[in-house]
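The values are calculated or read from the model by the stated rules, or taken from the named source; none is laboratory data. Just so you know, these numbers come straight off a predicted model, no measurement behind them. Heads up, the Cβs are rebuilt from the backbone with ideal geometry, glycines too, and the neighbour counts pull from every protein chain shown.
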Amino acid sequence: MLAAADPLQPDTEADTPGWQYAVAGGILGWVLDAFDFFVVVFLFEELASKLHVPKSAIVLSLTLTLAMRPVGALLFGFLADRYGRRRPLMVCVVYFTTMTILSGFAPTYGLFLLFRALYGIGMGGYWGIGAAYAMESAPRRRRGFLSGMMQGGYPFGYLMASIAIQVLPTHFGWQSLFLVGSLVALLIVLVTLKAPESDGWKPTQTHTIRSMRNTLLQNVRPFLYLLLVMTAMTCLSHGTQDLYPDFLKALPFVAHARVLGMQATYGIPVLYNIGAIAGALVVGHLSERLGRRRGLLLALGLCLLSIPAWAFGGTLFVVVLGSIVMQFGVQGAFGVIPAHLNELAPDAIRGLFIGFVYQLGVLFSSPLPSLQNALERRLGYSWALTSFELCVIVALMLIFAFGPENRGKNLKAPAVL
């Protein structure tokens, strides 16, 4: 197991001047990325009507977007390791924002699919750059908390999309949802212009594709381990989120209930997304003291404890409580991931390595909704969700219990071999 720096000892590593701008750019971009993805999820019917296709054709665009994410991770990861973090990050944000706008105003279904596929390249490319830039720039003593902020940006973007869909179309039309992110993209560019280049990239910058390939081949074992981690982590996240709103609709005491002044099927996701953000921040911060693996195991333990209320709750209050605790645990575990992956990645290709392994995990877990649907037909919703997530959580506990850790690694200087 890799040695870890002791977080209880004084941190003598000097903070990078302007690191706050670098971290802010990385986090805000992931929020915007999530917002631009979930906009389509909330506009199936409007897009289908405009483009004269069935709703299933719009749903297909989500699969295409996700399938293109590993391509983006390779492309932008190479740029980030070759040219630094700042410029590729700004290019990526402008690129995927442009694709979002074009897809919202596409005149034909074919062009809509094309723009969503091109958006997927930007979505897949951003995480590796943003996470590497934020973690390399962050003070070591705050890395765990800022890791939670980075990953908490995804449920926050989802939350913002769920609020925007109830506000903006009434005043500006539904296509305004594809435009509003451009303001955030401009903010990200301005913030990143004030940020310094990553100290972690400067001494390890890679100049050729061949050298990157050789470094990747020399690190096959950690790559395969982290690919297993990210595939299982994506199953944990999407397995508790994707079909859960549909599960809520099947509960008779939820159908006519209201939460936060909204229909319960909208209000409950708002609450558990708030719980998800809190979990990412809290567990990410705790991982700085407990260690990455112990923080992950703590979060997974909360997931296990929440299952009876989450899947079998007999009242609105119990289901709401179970869903909040579940997402606190799920995103609490994910909140440790940016720091954990950066600390285990090879220095010379960190941007490419963590982005590619993350997005391949997403791709490999993509059959999940179909599998859960098949289980639902055989076992019913409660047992379908429970049986799958129990297997995933136990598997993750074993993976992390016996896996490596390099908490506190100096990301601003190359490793000494």
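Residues in region 80-118 that are without any contact (Cβ under 8 Å) to a residue 60 or more places away in the chain and among the hydrophobic types (A, V, I, L, M, F, W, C): V91, M99, L102, A106, L111, L113, L114, F115, A117, L118.
Looking for something surrounded by fewer than 19 Cβ atoms within 10 Å (Cβ to Cβ) and more than 30 Å from V167 (Cβ to Cβ) - is there at least one such residue anywhere in region 37-50? No, the conditions are met nowhere in region 37-50. Has region 80-88 got at least one residue that is over 17 Å from the mean Cα position of the chain (by Cα) and under 15 Å from Q359 (Cβ atoms)? Within region 80-88 (the criterion being over 17 Å from the mean Cα position of the chain (by Cα) and under 15 Å from Q359 (Cβ atoms)), the answer is yes, since at least one residue qualifies. Taken as a whole, region 185-197 holds no residue that is farther than 29 Å from M90 by Cα, surrounded by 21 or more Cβ atoms within 10 Å (Cβ to Cβ) and not aliphatic (A, V, I, L, M).
Within region 141-184, being surrounded by fewer than 20 Cβ atoms within 10 Å (Cβ to Cβ), at pLDDT 85 or above, among the small types (G, A, S) and part of a helix (DSSP H, G or I) holds for A164, S176, S182. Filtering region 330-339 for residues that are out of contact with any His (no Cβ under 6 Å at 6 or more places or on another chain), farther than 15 Å from L296 by Cα and of a type in the set (S, T, N, Q) leaves an empty set.
When each of L114, L75, L62 is tested for being modelled with pLDDT of 95 or more and surrounded by fewer than 24 Cβ atoms within 10 Å (Cβ to Cβ), the lone residue that passes is L114. Note on region 35-65: residues that are charged (D, E, K, R) and in contact (Cβ under 8 Å) with a residue 12 or more places away in the chain total 2.
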